[in-house]
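A short write-up of the structure that comes next.
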Amino acid sequence: MLQRVLHTIQKHHLPAPPAKILVALSGGCDSVALAYILLQLGYQVEAAHCNFHLRGTESDCDEALVQRLCDQWGIRLHLNHFQTEAYAIQKGISIEMAARELRYSWFEELRQEMNCCGIAVAHHQDDNAETLLLNLSRGTGLRGLTGMKYLNGYVFRPLLDISRREIEQFLNLRNIEFATDSTNADTHYKRNFIRHDILPKLKSINPSIAQTLHNTTTRLSEALYLYEIGLKQAKELICKYSQDGITVDIPQLLRHPSAHTILHEVLSEYHFKASEIEMIFKNLKCSTGATFQNESHIATLHRDSILVTPIPTPLPPTPLPEMGYIKLPYGTLNIQKTDHFSLTEIPKESTICCIDADKVEGNLSVRTIINGDRFHPFGMKGSKLVSDYLTNLHYSIIDKRRAMVITDEKKILWLVGERPDERIAITDATKNITRIEFTPTDGPT
């Protein structure tokens, strides 16, 4: 057993003895075996035990057992008591998820505090098989079929090549006591149902099913490596990343034989669910303007592209200084005062606006556009809806939501980055001029 575990450690480049490590010690069969084996291999072992107070006196008995074992083996024990049910209610998550968040957060804090090089957990071959079947039952991509990782950040799994039966035999031969969690028999939990109902049936077909499934995850992990190389190459051809989002070239995407999979991989990075990505894929040939939104990001179809950015935050009316700079979510404004005689020519850049200061009514402010906004674009006849004006310029939905106007207390003076309003235009009679320059931040256009 010691040699097999050591072989796993060496093969997968896990922290090696005599490193100082933190062992997650629940008191169950697997974690007790892990702590004992790593101690025998020459590690400096520190143990961490969580009492989640979910099983009454049984939880306290587990804590007492762990304390006895650590005293017997000369291992320093760290204990923590959690109010797991209260935490789950507060976070709106399941008890299982709450316990997971609490323990791994504490383990990492403890690892740093004790200067340990890693956190050893006791997942084994059967756990890996159960995880594969769980992920299959939920529906998963290739990553979900690769099972547990031997090393994931600072968390490592030295027993992943060992079966549950072998671990139990190892402890029984040495008369090492361990606790049995009564909830492990409750098949209302999905993992327990797979363990006690599904895997035994599969064993009737293949007595080595756990080993077979574990080997399958290993081969799929290697396949995933090759898959990610191809995915990276496809993304470089199809996607263009900007400061806060991505542009997907739809014609390039659809020419790829794995277009659907690539789109799933790209959009899942921005928290789109599989069902939302499916809807986007079905609508790729829709007209410009179709939008899809989740809790954090918006995707819009625009001129043969998918534009994805965080949901733009509306800018409420924000007063402008009489002179100087003001930083905004999508750029910076610089306001300066001058007079007609100092201005040799009116700037032609779309990012600079010169207005007749004497035609301004009240104070200046800036905001994002709202429904019904109208202005009289300089050099054009009559007023126009700002939204229609931007549509004619082929603005995307995202850029429309970011578009800003500078107003006085009665009217729009400038559609920022576009035309000023005709009503505040500089004429031969102009005496005082307000010059406003906008410097945008990078982003999708």
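Checking the condition touching a residue at least 40 places away in the same chain (Cβ under 8 Å) and under 30 Å from F378 (Cα atoms), which residue from K337, K348, K327 passes? Can you show your working first?
On the way: K348 fails: touching a residue at least 40 places away in the same chain (Cβ under 8 Å); K327 fails: touching a residue at least 40 places away in the same chain (Cβ under 8 Å).
Criteria check complete, one pass: K337.
When segment 348-370 is examined, which residues are found to be of a type in the set (A, V, I, L, M, F, W, C) and outside any strand (DSSP E or B)?
Let us first name the residues in segment 348-370 that are of a type in the set (A, V, I, L, M, F, W, C), namely 352-355, 357, 360, 364, 366, 369-370.
Across segment 348-370, the qualifying residues are A357, V360, L364, I369, I370.
Could you say whether any residue in segment 371-386 is modelled with pLDDT of 90 or more, under 29 Å from Q243 (Cβ atoms) and part of a helix (DSSP H, G or I)?
Within segment 371-386 (the criterion being modelled with pLDDT of 90 or more, under 29 Å from Q243 (Cβ atoms) and part of a helix (DSSP H, G or I)), the answer is yes, since at least one residue qualifies.
Hey, among the residues in segment 228-263 that are in a helix (DSSP H, G or I) and among the β-branched types (V, I, T), which one's nearest to I306 (Cα to Cα)? Step through it out loud before you land on a result.
So in segment 228-263, the residues in a helix (DSSP H, G or I) come out as 228-238, 250-255, 259-263.
Okay, now just the ones that are also among the β-branched types (V, I, T), so 229, 238, 250, 261-262.
Working: I229: 23, I238: 11, I250: 7, T261: 15, I262: 13 Å.
Of everything passing the filter in segment 228-263, I250 is nearest to I306 (Cα to Cα).
Take the conditions more than 22 Å from I194 (Cβ to Cβ) and surrounded by 15 or more Cβ atoms within 10 Å (Cβ to Cβ) and apply them to L160. Does it pass? Spell out the reasoning first.
Numbers: more than 22 Å from I194 (Cβ to Cβ): no; surrounded by 15 or more Cβ atoms within 10 Å (Cβ to Cβ): yes.
Criteria not met by L160.
Does segment 157-194 hold any residues that are of a type in the set (V, I, T) and either part of a loop (DSSP other than H, G, I, E, B) or farther than 29 Å from S94 by Cα (or both), and which are they?
Taking segment 157-194 and keeping what is of a type in the set (V, I, T), we get 162, 167, 176, 180, 183, 187, 194.
I162, I167, I176, T180, T187, listed by residue number.
Might you check whether a residue that is outside the structural domain of E409 (by TED's automatic domain parsing) and in a strand (DSSP E or B) occurs anywhere in segment 264-272?
Taking segment 264-272 as the starting set, the residues that turn out to be outside the structural domain of E409 (by TED's automatic domain parsing) are 264-272.
If we keep only those that are in a strand (DSSP E or B) as well, we get none.
Checked segment 264-272: no residue is outside the structural domain of E409 (by TED's automatic domain parsing) and in a strand (DSSP E or B).
Tell me which residues, restricted to segment 142-179, are of a type in the set (A, V, I, L, M) and touching a Gly at 6+ places or on another chain (Cβ under 6 Å). Let's see the steps before the verdict.
Let us first name the residues in segment 142-179 that are of a type in the set (A, V, I, L, M), namely 142, 145, 148, 151, 155, 159-160, 162, 167, 171, 173, 176, 179.
Within segment 142-179, A179 is the sole residue that qualifies.
Quick one: which residue in T313, T309 is part of a loop (DSSP other than H, G, I, E, B) and either closer than 28 Å to D388 by Cα or modelled with pLDDT of 95 or more (or both)? Steps first, please.
Details: T309 fails: part of a loop (DSSP other than H, G, I, E, B).
One residue alone meets the criteria, T313.
When you scan segment 228-244, do you find a residue that is at pLDDT 95 or above and polar (S, T, N, Q), even just one?
Yes.
With respect to S59, determine if the residue is over 18 Å from D181 (Cβ atoms) and either outside the structural domain of P15 (by TED's automatic domain parsing) or free of Cβ contacts under 8 Å to residues at least 40 places away in the same chain (or both). Give the derivation first.
Working: over 18 Å from D181 (Cβ atoms): no; either outside the structural domain of P15 (by TED's automatic domain parsing) or free of Cβ contacts under 8 Å to residues at least 40 places away in the same chain (or both): yes.
Considered against the rule, which asks whether it is over 18 Å from D181 (Cβ atoms) and either outside the structural domain of P15 (by TED's automatic domain parsing) or free of Cβ contacts under 8 Å to residues at least 40 places away in the same chain (or both), S59 comes out as no.
Can you spot a residue in segment 206-227 that is outside the structural domain of H124 (by TED's automatic domain parsing), part of a helix (DSSP H, G or I), closer than 25 Å to H297 by Cα and out of contact with any Pro (no Cβ under 9 Å at 6 or more places or on another chain)?
No, because not a single residue in segment 206-227 is outside the structural domain of H124 (by TED's automatic domain parsing), part of a helix (DSSP H, G or I), closer than 25 Å to H297 by Cα and out of contact with any Pro (no Cβ under 9 Å at 6 or more places or on another chain).
The values are calculated or read from the model by the stated rules, or taken from the named source; none is laboratory data. Bear in mind the structure is a predicted one, so any value in this text is a computation, not a measurement. Please note: Cβ atoms are built from the backbone with ideal geometry, for glycine as well, and neighbour counts cover all protein chains shown.
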